[in-house]
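*Asks:* Once you've had a glance at the structure underneath, I'll fire off some questions.
Just so it is clear, none of the values below were taken in a lab; they were calculated from the coordinates. Fair warning: this is a prediction, and the values are worked out from it, not measured in the lab. Counting neighbours? That spans all protein chains shown, and the Cβs are built from the backbone with ideal geometry, glycine included.
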């Protein structure tokens with residue numbers, strides 16, 4: 001989450017491009033899909049994992065399960081002035 005919001009406020013060089021770039025007004029919206037991707041794109045626990053545990057897709061992407069991630073996400077929304085807020 002810190003990296004996400006850090007990129008939203010980035011001002012500096014971009015690899016393979018000359019000069020510096022202000023990315024602070026590039027991202028206008030953020031959507032977070034609170035989904036356990038271990039069960040596939042639908043997130044439905046049907047008794048089997050759609051992605052093997054030794055792959056990069058073995059991810060529980062639900063920030064609601066991780067207090068620090070959720071807190072950082074909610075604070076980031078407010079700090080960047082997004083109209084949407086965490087419930």
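*Asks:* Nearest 0.05, what FRET efficiency do residue 2 and residue 44 give at R0 = 30 Å with Cβ-Cβ as r?
*Replies:* E(calc), rounded to 0.05, equals 0.50.
*Asks:* If you don't mind, another one. Simple spin-label model, 7 Å along Cα-to-Cβ: residue 27 to residue 86 in nm?
*Replies:* Once both label points are built, they end up 1.5 nm from each other.
*Asks:* Using 7 Å Cα-to-Cβ label points, what is the residue 66/residue 18 separation (nm, one decimal)?
*Replies:* Placing both labels 7 Å along Cα→Cβ, they lie 4.0 nm apart.
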